[in-house]
Amino acid sequence: METRASYALVGGFILALTAALFIAIVWLAKVQFDKASTPYRIYFSGSVTGLVAGSPVRYRGVAVGRVTDIRIDPGNVERIEVKVEVPKDTPIKSDAVASLEPVGVTGGVYVEIAGGSQEAPLLRETQNDVDVPVIPSRPSNIASLLQEAPHLLENLIKLSDSLAGFMTPDNQKAFASMLANLASTAGAANGTVQDAGHLVNELRGSVREISKQTEALLVDTRTTVNTVGSDARRISGNLNQSAEDVKVLTRNLNQTVEQLRGMVEENRGPIRDFTSSGLYDLTQLIGDLRTLSNNLSRVTNRIENDPSGFLFGGRQRGVEVK
């Protein structure tokens, strides 16, 4: 009986250990029995080294699923078909793009889904005519670098060969001579710069002196202009007074002419007797008086419109002083 009890205890312990190990494996594989998932396909044109079934799938850096299968595309041997599963509520947009990214320095990789704008529709809604939607892919930065590495290495080898061919003894001598000439030119340029500095300082002193002389000249010019302006205003006032006097004289002459005309009308009879001897002289006198009146009117208008021009015989423009 004791032997049978020992076997039963060992068997129960083994069964419990097996169940615990199975539960741990399921938990580590992140299998979620209570949540539905959506499968997607991704086709990569480059190498998928380091990617295995069970590798994580991340959306914008957040773990959302895992890789379920990896195989060569039966329809195109230049592509690798990768199947992934993510939760059904993961918003994979139609403009999302998948790539392979490294996991630290361990050599493993994971699937990174990036992109996807808020306005874009869901990918499964745009590909509802297929069983498994396809997420577009692009090479990762490291993959692009690895693909371009052979070309970069080839270019470096060509550049090294070109430099080796260039560095002959003659070219080395010529290069050394060129460096010596550059050093000599730099020294001469330094001396020229110093001379230019002295010249600039001298020019600054000359400019300051000219500026002082110009300021003094401007002060003298302003004084002269103010004096001339005062004289011109005084002469203009005298001319205006003369113009008023001429106006009075013109009015008096007009009144005299009108009086003479009235006298002629009143004495038409006696004057008719006088026409044989003095009419011609009287008529000439009246005409001369009218001419004199008109001339005085014109002179008055000129004095009123431009007193300085009437006095000095026309305006003259001088040098404008700023």
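The values are calculated or read from the model by the stated rules, or taken from the named source; none is laboratory data. Computed from a predicted model, the values in this text were never measured in an experiment. Cβ: placed from backbone, ideal geometry, glycine included. Neighbour counts: every protein chain shown.
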Subject >> segment 31-61, subset within 15 Å of Pro102 (Cα to Cα) and among the aliphatic types (A, V, I, L, M), residue surrounded by the most Cβ atoms within 10 Å (Cβ to Cβ) >> reply: Val57
Original post:
Is it true that some residue in segment 15-24 is within 21 Å of Glu101 (Cα to Cα) and either touching an Asp or Glu at 6+ places or on another chain (Cβ under 6 Å) or modelled with pLDDT under 90 (or both)?
Top reply: no
Original post:
Does Ala120 count as at pLDDT 85 or above, under 40 Å from the mean Cα position of the chain (by Cα) and part of a loop (DSSP other than H, G, I, E, B)?
Top reply: yes
**OP:** Name the residue, out of Val52, Val82, Val57, that is aliphatic (A, V, I, L, M), modelled with pLDDT of 75 or more, part of a strand (DSSP E or B) and out of contact with any Leu (no Cβ under 8 Å at 6 or more places or on another chain).
**Re:** Val57
